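The values are calculated or read from the model by the stated rules, or taken from the named source; none is laboratory data. Keep in mind that this is a model prediction, so the values were computed, not measured. Note that each Cβ is placed from the backbone with ideal geometry, even for glycine, and that neighbours are counted across all protein chains shown.
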Amino acid sequence: MALVNENYLKLQGSYLFAEIAHRVQKFKAENPEAEVISLGIGDVTLPLPQVSIEAMHKAVDEMANKETFRGYGPEQGYAFLREKIRDVIYKSRGVDIEADEIFVSDGAKSDCGNIQEIFGVDNTIAITDPVYPVYLDTNIMAGRTGLVKEDGTFEGVVYMPCTAENNFTPELPKQHVDMIYLCSPNNPTGTTLSRDELAKWVKYAKENKSIILYDAAYAYYITEDDVPRTIYEIEGAKEVAIEFRSFSKTAGFTGTRCGYIVLPKAVKGYTKDGKEQALNPLWNRRHTTKFNGTPYIIQRGAEAVLTEEGQKQVKEMVGYYMENAKIIREGLASLGLTVFGGVNSPYVWLKVPAGMTSWDFFDKLLHEANIVGTPGSGFGPSGENYFRLTAFGSRENTLKAVERIKTQLKL
Ligand code: PLP
């Protein structure tokens, strides 16, 4: 009798996007003339930077020749890409990371989900609430949680609510936790953690022998100078933090797939008998055993993003989305709505009008303005009464959507 991993049965269905699709479909069937615009998408819409296209074309041609053909590459990524990441992302900000502390992958989703495999199953995890659901779900699968409770939280998990009341800054847990997931800029709230806040977490992690799992997938969207681009700008972080990065939102690689983990050699976990164990070799073992490398062609495309011309092109791309974010943020604020995010992030997080739930507001926005967004409650219990709009649409649709919200939404 093949037993199943019953932890999977604890998972909640991916109710959020299925329910959104269902409600939109029903609305369209009942209102065939309505032109529905989505500001709910978390996917980019602009094409890849020209530098990447050229680099990938060249790489394809190399694959056509016996002399330049490449088969399996190093599982951790080619040196040309790891060294570029070291220099352009880290050294340029005064952070010394070695190339062998960087592991190239097929994206941050896999990395955020897989990293927990090198940790003990008895560890306690802490997550900010609301947040990107992958951190929690992969820990449920691994058996690090109990069952779901009536309020939608899982037993055995430390939730750190992030709402307007605490300025979206998670409080240090009162109890000891072993693995701390932080995401800055945050999906969905669009808010960031300051240098001082991050320093508190690094101190906590050192004192508690915990590890910070830091998701910086949206780092390129930070516009304010004093917001850290990487956790390693904080002193001591290289001993307690693992960072996740992605070319997805940075350079339009959502369908092209490339990301990376930074795991400094000084980051240590512990064996049951209290001995220190560096995590870098464990991840190296895991990665090389279960992953055969990001395609050469894709790595060449990613490398091109990190050239001077590539950086110029992605700045323009990010700037386009951030202008959309400004249009959404200012448009909603002009109606008296309370908005957060959208300054260092492509996500605008708004407080729904008093007396409404996130889903009430979803229906109102769809029915009155024919706009689709994402109910905050889908990202965790503390997302209730909030709503996410994204800046990844076209300028034309963004302008049209905001105009409709201004003129048709009855507030
Ligand atoms: N981390 C966060 C916070 C995200 O919002 C996303 C995607 O939406 C990812 C990671 C996944 O990125 P990737 O496309 O690199 O898998």
Filter result for Thr128 (crowded, with 17+ Cβ neighbours inside 10 Å, out of contact with any Ser or Thr (no Cβ under 9 Å at 6 or more places or on another chain) and not aromatic (Phe, Trp, Tyr)): no
Any hit, the stretch 240-258, residues being farther than 30 Å from Gln313 by Cα and surrounded by fewer than 23 Cβ atoms within 10 Å (Cβ to Cβ): no
Positions within the stretch 116-142 being within 15 Å of the ligand (Cβ to nearest atom) and not polar (S, T, N, Q), in sequence order: Ile127, Asp129, Pro130, Val131, Tyr132, Pro133, Val134, Tyr135, Leu136, Asp137
Matching residues in the stretch 133-162 - criterion: being in contact with a Gly (Cβ under 9 Å, 6 or more places away or on another chain) and β-branched (Val, Ile, Thr): Val134, Thr138, Thr145, Thr153, Val157
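On the phi > 0 side of the Ramachandran plot and either surrounded by 17 or more Cβ atoms within 10 Å (Cβ to Cβ) or not polar (S, T, N, Q) (or both) - does that describe any residue in the stretch 91-101? Break it down stepwise before answering.
At the first step, the residues of the stretch 91-101 found to be on the phi > 0 side of the Ramachandran plot are 94.
Still in the running and either surrounded by 17 or more Cβ atoms within 10 Å (Cβ to Cβ) or not polar (S, T, N, Q) (or both): 94.
Yes: one or more hits.
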Count of the stretch 175-186 residues which are crowded, with 24+ Cβ neighbours inside 10 Å and part of a loop (DSSP other than H, G, I, E, B): 3
Which numbered condition Val131 misses (of (1) of a type outside the set (Lys, Arg); (2) at pLDDT 95 or above; (3) under 23 Å from Pro228 (Cβ atoms)): (2)
Long-range neighbours under 7 Å by Cβ, at least six apart or interchain, first residue more than 16 Å from the ligand (Cβ to nearest atom) within the stretch 89-115, second hydroxyl-bearing (Ser, Thr, Tyr): Tyr90/Thr230; Tyr90/Tyr232; Arg93/Thr230; Val95/Thr230; Val95/Tyr232; Ile97/Tyr90; Ile97/Tyr232
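Using the structure shown, decide if Arg82 is farther than 26 Å from Phe247 by Cα, in contact with an Asp or Glu (Cβ under 9 Å, 6 or more places away or on another chain) and basic (Lys, Arg).
Values: farther than 26 Å from Phe247 by Cα: no; in contact with an Asp or Glu (Cβ under 9 Å, 6 or more places away or on another chain): yes; basic (Lys, Arg): yes.
Taking the combined requirement at face value, the residue does not satisfy it.
For the stretch 233-257, give me the residue count where each residue is among the hydrophobic types (A, V, I, L, M, F, W, C) and within 16 Å of the ligand (Cβ to nearest atom). Steps first, please.
Here is the first cut: in the stretch 233-257, the residues among the hydrophobic types (A, V, I, L, M, F, W, C) are 234, 237, 240-242, 244, 247, 251, 253.
Narrowing the set further to residues that are within 16 Å of the ligand (Cβ to nearest atom) leaves 241-242, 244, 247, 251, 253.
Here the count works out to 6.
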Residue under evaluation Thr230, criteria (1) surrounded by fewer than 22 Cβ atoms within 10 Å (Cβ to Cβ); (2) more than 16 Å from the ligand (Cβ to nearest atom), criterion not met: (2)
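Could you list, in sequence order, all residues of the stretch 1-48 that are part of a loop (DSSP other than H, G, I, E, B), of a type in the set (A, V, I, L, M, F, W, C) and either touching a strand residue (DSSP E or B) at 6+ places or on another chain (Cβ under 9 Å) or closer than 27 Å to Ser246 by Cα (or both)?
Step one: of the stretch 1-48, the residues part of a loop (DSSP other than H, G, I, E, B) are 1-5, 11-14, 31-36, 39-48.
Imposing the further condition that a residue be of a type in the set (A, V, I, L, M, F, W, C) reduces the set to 1-4, 11, 34, 36, 39, 41, 44, 46, 48.
Of everything in the stretch 1-48, those that are part of a loop (DSSP other than H, G, I, E, B), of a type in the set (A, V, I, L, M, F, W, C) and either touching a strand residue (DSSP E or B) at 6+ places or on another chain (Cβ under 9 Å) or closer than 27 Å to Ser246 by Cα (or both) turn out to be Leu11, Val36, Leu39, Ile41, Val44, Leu46, Leu48.
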Criterion violated by Val148 - all others in (1) of a type in the set (A, V, I, L, M, F, W, C); (2) within 30 Å of Lys315 (Cβ to Cβ); (3) surrounded by fewer than 23 Cβ atoms within 10 Å (Cβ to Cβ) satisfied: (2)
Pairs with Cβ under 7 Å, 6+ apart, first in the stretch 33-53 and over 30 Å from Pro375 (Cβ atoms), second in a loop (DSSP other than H, G, I, E, B) and more than 15 Å from the ligand (Cβ to nearest atom): Val51/Thr307
Criterion (modelled with pLDDT of 95 or more, farther than 24 Å from Ala79 by Cβ and touching a Ser or Thr at 6+ places or on another chain (Cβ under 9 Å)) met by exactly one of Ala325, Ala304: Ala325
The stretch 357-400, residues that are assigned to a helix (DSSP H, G or I), of a type in the set (A, V, I, L, M) and closer than 19 Å to Phe17 by Cβ: Leu365, Leu366
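Can you spot a residue in the stretch 197-218 that is in a helix (DSSP H, G or I), within 15 Å of the ligand (Cβ to nearest atom) and touching an Asp or Glu at 6+ places or on another chain (Cβ under 7 Å)? Lay out the reasoning, then the answer.
Pass one, the stretch 197-218, residues in a helix (DSSP H, G or I): 197-208.
Now narrow it down to the ones that are within 15 Å of the ligand (Cβ to nearest atom): none.
No - not one qualifying residue is present in the stretch 197-218.
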